[in-house]
1. Among VAL94, VAL146, VAL153, VAL173, which is the only one that is surrounded by 13 or more Cβ atoms within 10 Å (Cβ to Cβ), at pLDDT below 95 and not aromatic (Phe, Trp, Tyr)?
2. Give the range 4-60 a look and list any residue that's farther than 18 Å from CYS88 by Cα and of a type in the set (Asp, Glu), or say none.
3. Out of (1) more than 22 Å from GLN5 (Cα to Cα); (2) surrounded by fewer than 24 Cβ atoms within 10 Å (Cβ to Cβ), what's the single condition that is false for ALA30?
4. Exactly one condition in (1) at pLDDT 95 or above; (2) surrounded by 21 or more Cβ atoms within 10 Å (Cβ to Cβ); (3) in a loop (DSSP other than H, G, I, E, B) is false for THR75; which is it?
5. Restricting the range 1-27 to residues that are β-branched (Val, Ile, Thr) and in a helix (DSSP H, G or I), which is least open to solvent (accessible area, probe 1.4 Å)?
6. State which residue is nearest to VAL85 (Cα to Cα) when the search covers only the range 116-159 and only residues that are outside any helix (DSSP H, G or I) and hydrophobic (A, V, I, L, M, F, W, C).
Amino acid sequence: MTPDQRKSVISKLGGSSSALANEAAHQILADPDPALVQPVIAILQRGRRVFNRVEAAYVLGVLQGKRRTLALERTLNDKHENPTVRSCAAESLVLGHRGDTHAVLLRNLEDPSKEIRFWCAFALGEIGERKALPALKWLAENDDRVVKGWWAVSKEARDAIRTIKKNRKRKCVFCVS
């Protein structure tokens with residue numbers, strides 16, 4: 001992206017239109033310019049609207065670097081943040097996370113929000129975190145709350161357990177540091 005294109009995409013991502021923010025997110029997904037990491041983190045941390053922060057959390061999944069990983073972890077841990085934003089952060093942590101991210105996801109399996117538990121279960125399954133198996137088993141047996149547009153937390157936990165067991169000898173291939 002040119003500097004003018006970056007400025008435009010960041011303006012749309014942080015702007016007052018959800019449609020334009022979503023369009024900007026798709027532009028970033030198509031061209032994950034490393035120069036966008038810091039401005040996207042700024043929108044994740046200080047975006048005025050939930051949809052701005054959701055789109056920022058989502059696109060940070062395709063961007064690289066420790067700063068983006070730390071920002072996503074902080075967002076997931078922020079109990080004052082909107083659960084949808086936190087859920088997007090959990091999902092985005094699947095790719096390019098660090099070893100400490102596993103513990104962040106595991107801690108958040110106990111969050112009061114069903115969305116957070118759902119997406120942390122998904123992420124832990126995808127990264128193959130065996131330490132999550134006891135907590136995932138508990139969720140699979142006890143958490144039948146349904147996430148709108150998806151399914152029950154218990155089903156996601158069962159899926160995560162299957163994924164972890166299927167790949168039990170595989171080391172996390174997503175950890176970058």
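1. Exactly one of VAL94, VAL146, VAL153, VAL173 is surrounded by 13 or more Cβ atoms within 10 Å (Cβ to Cβ), at pLDDT below 95 and not aromatic (Phe, Trp, Tyr), namely VAL94.
2. ASP4, ASP31, ASP33
3. All conditions pass for ALA30, except number (1).
4. Looking at each condition in turn, THR75 falls short on (3).
5. Restricting attention to the range 1-27, the residues satisfying the condition of being β-branched (Val, Ile, Thr) are 2, 9-10.
Among the residues that remain, those that are also in a helix (DSSP H, G or I) are: 9-10.
Details: VAL9: 1, ILE10: 36 Å².
Among those that are β-branched (Val, Ile, Thr) and in a helix (DSSP H, G or I), it is VAL9.
6. So the residue we want is VAL147.
Here is a yes/no grid of residues against (1) closer than 24 Å to GLU115 by Cα; (2) more than 14 Å from the chain's Cα centre (by Cα); (3) not hydroxyl-bearing (Ser, Thr, Tyr):
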{"position": "THR2", "(1), (2), (3)": "no, yes, no"}
{"position": "GLN5", "(1), (2), (3)": "no, yes, yes"}
{"position": "GLY14", "(1), (2), (3)": "yes, yes, yes"}
{"position": "ASP31", "(1), (2), (3)": "no, yes, yes"}
{"position": "ALA35", "(1), (2), (3)": "no, yes, yes"}
{"position": "GLN38", "(1), (2), (3)": "no, yes, yes"}
{"position": "ALA57", "(1), (2), (3)": "yes, no, yes"}
{"position": "ASN77", "(1), (2), (3)": "yes, no, yes"}
{"position": "ALA90", "(1), (2), (3)": "yes, no, yes"}
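The values are calculated or read from the model by the stated rules, or taken from the named source; none is laboratory data. Keep in mind that what you see is a predicted model, and the values were worked out from it rather than measured. Every residue, glycine as well, gets a Cβ built from its backbone with ideal geometry; the counts of neighbours run over all protein chains shown. When the accessible area is computed, the model is the full protein with side chains, heavy atoms only, and any ligands, DNA or RNA have been set aside. Shrake-Rupley method; radii C 1.70, N 1.55, O 1.52, S 1.80 Å.
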